[in-house]
Amino acid sequence: MTLLSKLGASRSVTAALLASGIATGFAGSAAAQCDDGETVLKFSLVTKLRGHPKGEAALAWADMINSEMQGELCMEVYPSSELYDDNDVFGALLSNDVQIAAPSASKFKDYSELLTLFDVPFLFDSALHVDEFLRATDAPARFSASIEDDGFVMLGFWTNGMYQMSATRVLRAPDDAQGLTFRVQSASAPVASMMDRLGVEGKSMSFSKVYDALKDGEVQGQYNTWSNISAEGFYLEQAAVVETNHGYLGYPVIMAKSFLDGLPLATRQKLINSFALITHERNRFAYEINQQSRLEILEDEGIILRLNEEELALWRDRLLPIQDEFRANIDAELIDLAISANAAADPFGAQ
Ligand code: LMR
């Protein structure tokens, strides 16, 4: 068997498994058996559950609630956009059709420009740097305040990881993307600027549509984390995934303020405490899950391109001016806070 036919065989098997939901763990919902008298918390996700940082965190939280808050609360987790996609979920929270959601920060564009900070390229060196930024500054309080008027409370942030770019062409240099159409999560100002600077058309599209859009050629490129690229099989339709690490995917975990405030105080406190515990525990695993997903892409003979320093410098030079745009047009203080927190962070303990 030639390398090419072997590659074709292996990748098409994965594609078929992906389509049937077998390759990436079960895709069904984790609906709990709720008892009479328990307040049901429906948690709507667009990603899969197993092997995904957000899915695993949601499952762990549901386990904790359902074993420790019997008789009070009952959490049901609905993955893979079974209930809502990320654009509809904001309205569904406000109409109390779901009670918890964790859309990526980029999707808050219509509610909070501050949260589009994470779309600014090359602001953070790693997801662990972002964790330190969120721990060491008042940024989470600012983010939470910025969505309060729209009726939401942010309980905290769940981490996924850093974005990698891929396309039907190998993107060694920023100009290699010119003329292509890329799927984007939202047309936030930093994302729109990034697309312009790469000479790319950005097409905003819900997560559940991306694989088919890549397969049918409706879009030719995308960016996402290793866990999303692997779990959804995006790499199967791309020439290569380029290790750009240019941005950060994280999730503000939100509820409708009216719903949370309506819970008895002791129940609310237990819910918030359990969230803090799970967040602390699960955020530490996000990095591992993404590294594992990266390996799985390689094992399936997906092509990953690691850029050398000169090549990476070209990407940085092209996209770094977006930091100044954010400073001038959105929030100078926040971006300066992010830049200094990133510089001060020492997550790997190197002195
Ligand atoms: C995306 O739309 O690409 C991501 O926000 C999906 C997710 O929730 O990780």
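When TYR235, TYR78 are compared by accessible area of protein heavy atoms, the largest-first order is TYR78, TYR235, using a 1.4 Å probe.
Dipole orientation for the chain: of the candidates GLY302, GLN178, GLY217, GLY302 has the Cα lying most toward the positive pole (charges on Cβ; Lys, Arg +1; Asp, Glu -1). Simple point charges give the picture: +1 on the Cβ of Lys and Arg, -1 on the Cβ of Asp and Glu, and for the chain a dipole about the Cα centre of about 580 debye.
Surface calculation, 1.4 Å probe, protein heavy atoms: TYR211 sits at approximately 40 Å² accessible. Count neighbours as other Cβ atoms within 10 Å of each site's Cβ, and list the chymotrypsin sites (Phe, Trp or Tyr not before Pro) in segment 308-351 that are DSSP loop with at most 15 such neighbours. Listed in order of number, the matching sites are PHE348. For the chain, hydrophobic long helices are taken as DSSP H runs at least 30 Å long by C-alpha position along their axis with mean Kyte-Doolittle hydropathy of -0.5 or more; these are 265-299. When +1 charges are put on Lys and Arg Cβ atoms and -1 charges on Asp and Glu Cβ atoms, the dipole computed for segment 191-267 relative to its Cα centre reaches about 220 debye.
Comparing mean-square fluctuations of ALA92, ALA313, ALA102 from a GNM of the chain with C-alpha springs under 10 Å, the top value falls on ALA313.
Highest GNM mean-square fluctuation among LEU94, LEU277, LEU312, for the chain modelled with Cα contacts below 10 Å: LEU277.
Cross-link pairs exceeding 30 Å between alpha carbons, from the set LYS203/LYS270; LYS107/LYS270; LYS42/LYS107: LYS203/LYS270. I need the calculated FRET efficiency for the pair ASP212 and LEU295, taking r as the beta carbon distance and R₀ as 25 Å, to the nearest 0.05. That pair, ASP212 with LEU295, gives E of 0.45. For the chain, the share of accessible area belonging to carbon and sulfur comes to 50 percent (1.4 Å probe, ligands and nucleic acids excluded).
Based on DSSP, what percent of beta bridges with both residues in the chain are antiparallel, to the nearest 5?
55 percent
If you plug the beta carbon distance of ARG169 and ALA276 into 1/(1 + (r/R0)^6) with R0 = 25 Å, you get a FRET efficiency near 0.05.
Annotation: per residue accessible area for segment 129-241 equals 33 Å², rounded to a whole number [probe 1.4 Å, protein chains only]. Accessible area ranking (1.4 Å probe, heavy atoms, ligands and nucleic acids excluded), largest first, for ASP119, ASP110, ASP149: ASP149, ASP110, ASP119. From the largest down, segment 184-247 spans 28, 23, 18 angstrom on the principal axes of its Cα atoms. Mean projected area of the convex hull spanned by the Cα atoms of the chain, taken over all viewing directions: 18.0 nm². The heavy atoms of SER81 offer some 30 square angstrom of accessible surface to a 1.4 angstrom probe. Between ASP150 and ASP36, the C-beta separation translates, for a Förster distance of 41 Å, into a calculated FRET efficiency of about 0.80.
Taken per residue, the accessible surface of segment 249-342 reaches 52 Å², heavy atoms only and a 1.4 Å probe. Residue order by solvent-accessible surface for GLU68, GLU113, GLU309, GLU56 is GLU309, GLU68, GLU113, GLU56, largest first, with ligands and nucleic acids left out and a 1.4 Å probe. Taking label points 7 Å from Cα along the Cα-to-Cβ direction, ARG306 and SER204 give a separation of 3.7 nm. Site pair ARG327 and PHE348 shows an inter-label distance of 2.6 nm when each label is modelled 7 Å from Cα along Cα→Cβ.
The values are calculated or read from the model by the stated rules, or taken from the named source; none is laboratory data. Source: prediction; values computed, not measured. So basically every Cβ, Gly included, is an ideal-geometry build from the backbone, and we count neighbours across all protein chains shown. Note: areas computed on protein heavy atoms with side chains; ligands, DNA, RNA excluded. Shrake-Rupley method; radii C 1.70, N 1.55, O 1.52, S 1.80 Å.
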